[in-house]
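Below is one structure, written out as structure tokens; comments come after it.
The values are calculated or read from the model by the stated rules, or taken from the named source; none is laboratory data. Bear in mind that the values here come from a model prediction, so they are computed numbers and not experimental data. Positions of Cβ are backbone-derived with ideal geometry, glycine not excepted, and every protein chain shown enters the neighbour counts. Ligands, DNA and RNA are excluded from the accessible area calculation, which covers all protein heavy atoms including side chains. Shrake-Rupley method; radii C 1.70, N 1.55, O 1.52, S 1.80 Å.
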Amino acid sequence: MKIALLSMKEKQIFRETMRIFHYSIILILIVLSISLSAYSAEKPVVFWVPLKDIPDFGAVEWGLASFTKRSLLEAEKQGAEIVVFEIDTFGGRVDAMLFIKDLIMQAPMKTVAFINSKAWSAGVFLALSCQKIIMVPDGSIGAAEPRTGQETAETPPDPKTVSAIRGQIEALAEARNRDPQLFAAMVDRNVEIAGLKEKGELLTLTAATALERGAADHLAQNQQEVFKALGLEDPIVVTPSPSWSETLARILTHPTIIPILLLIAFGGIFLEIMTPGFGFPGIAGIIALLLFFGGRYFAGLAGWEPLMLFVAGILLLALELLVIPGFGVTGITGISALVISLYMVLRTTSILFWEVAFSQLLFYMAIMGGIFLILLFFLPNNPIWKKLGLHKKDQEKEIPEEKILNYQSLVGKKGITKSMLRPAGIVEIEGRRYDVVTRGEFIEPGKMITVDEVQGNRIIVQIEREV
């Protein structure tokens, strides 16, 4: 009995010992977890955001603006202390650059520009928006004159635009406690700085000169040296990458791509309206249209409302040209819908001057009208040509009496189409071939027709209706 009691006591002691051991392990794990969390919390989080050109193609445009916006939102969400923008660009769109500039200026965390090669044109604004500027020793910054690509030595940039951009960069330099005159000389050729820049030239600074003149704060060769200059030891680095939609938006919003997309869209859609059936031109036009509006959507600049309005305009215009007689409210409403939808899209990417969006709108309207007229003249037998009365002059030409053949006997006779009637073509009646026309409809080869009317040498047929 005594042995049994001792055995039970031993078991109880063993259980107590194990319980204490378990609690000790749990306590140790909790302490380690708290220690690791505290250690991790002490390490600063740095977002390293690349703002670079697409090689041989893109620069600062709206896809890059969308990427910058998303990166700053993610940095704020993750509690980043510093965002470093790695800049390497020839420049780009003024409106997209101003949008990015405002994003950086309003960022709640510390912002740093690391110019890893060059910050030219729009790149100057991106760098100057940041609180600190660090450059590679062989880097450069400057040449920020606003240009459209149409200027020559005889036609300098628009003074109004230069004045506006100069005011922007001077205000930005003052906000960042840098020399406004120095940065104004990068925008305006008329600014003169003794010993550095003469009148008539644009200012571009090397890294060493920028550091000497206060346009840069440090020189660094790589990421590690940047962190050392900022006093950061072993930070947690987060490097966001552009999404596929942001990369696509960068391509689709490029100034050289937009006219091409609209040219394909207008040409394909109008060609489909003027010819029977539905084929490659219509498919190409629809794809180009979706890409044009989709570029703004992917960049976060606009919803699908402009696209829906544009499609409604095309449908109304097609209804007016193909169905409704004459030209009235439906056609005018359709054209208005097209114009408004284009302006809505162009205005989202022309935030500096509304006149820019308006001039672009006139340019694209001219493209649209030019394509329409070209197709009309190259397709003179299409129904729209007949509907608009553009064939009237040819119809009223007098035919010499000796050339008029007696086709009246053909009225009511049946035949078969030997070619496509568009609406003109060839049919066979009682073993003989005749040049005929329809009243605007298109008839495929191999269809039965009936001669409906004869006007001089003009034989008018219609498709044989089934009873």
3J(HN,Hα) from dihedral phi, region 429-437, Karplus parametrisation 6.51/-1.76/1.60, rounded to Hz, x for glycine, proline:
10, 6, x, 10, 9, 9, 7, 9, 9
Which order do the peptides 123-130, 63-70 come out in when sorted by mean C-beta neighbours inside 10 angstrom, highest first?
123-130, 63-70
Expected vector for region 118-126, Karplus 3J(HN,Hα) from phi with 6.51, -1.76, 1.60 and θ = phi - 60°, integer Hz, x for Gly and Pro, equals 8, 10, 9, 6, 4, x, 4, 5, 4
In region 111-215, the trypsin sites (Lys or Arg not before Pro) that fall in loop regions by DSSP, at most 11 other Cβ within 10 Å:
K199
For region 194-259, just list the percent of Cα-Cα distances falling in each 5 Å bin from zero outward, please.
3, 12, 12, 12, 9, 12, 19, 14, 7, 1
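Starting from region 66-98, pick out the GluC sites (Glu not before Pro) whose DSSP state is loop and whose Cβ has at most 16 other Cβ atoms within 10 Å.
Numbers: sites: E74, E76, E81, E86; in loops: E81.
Passing sites in region 66-98 are E81.
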Can you list residues from other chains, or at least 5 along the same chain, whose modelled amide H is less than 5 Å from the amide H of T204?
A143
Residues with amide H under 5 Å of K110's amide H, sequence separation 5 or more or different chain, H placed in the peptide plane at 1.01 Å from N; which?
V83
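Semi-axes of the equivalent ellipsoid for region 87-171, please: Cα gyration tensor eigenvalues, times 5, square-rooted, ordered largest first, whole Å.
Values: eigenvalues 113, 51, 18 Å².
Calculated on Cα positions only, the semi-axes equal 24, 16, 9 Å.
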Quick one: 3J(HN,Hα) in Hz for region 206-218, Karplus 6.51/-1.76/1.60 with θ = phi - 60°, rounded, Gly and Pro as x.
6, 4, 5, 5, 4, 5, 5, 8, x, 7, 9, 9, 8
Using a 10 Å cut-off on Cβ atoms, rank the peptides 226-238, 134-146 from the highest mean neighbour count down.
134-146, 226-238
Using a/c under 1.5 as the rounded threshold, could you call region 43-133 rounded, prolate or oblate? The axes a ≥ b ≥ c are square roots of the C-alpha gyration tensor eigenvalues, and prolate needs a/b larger than b/c, oblate otherwise.
prolate
Under 5 Å from the placed amide H of V60, counting only residues 5+ away or on other chains, we find G91, G92, R93
Considering only protein heavy atoms and a probe of 1.4 Å, how much of the accessible area of region 110-260 is carbon and sulfur, as a whole percent?
50
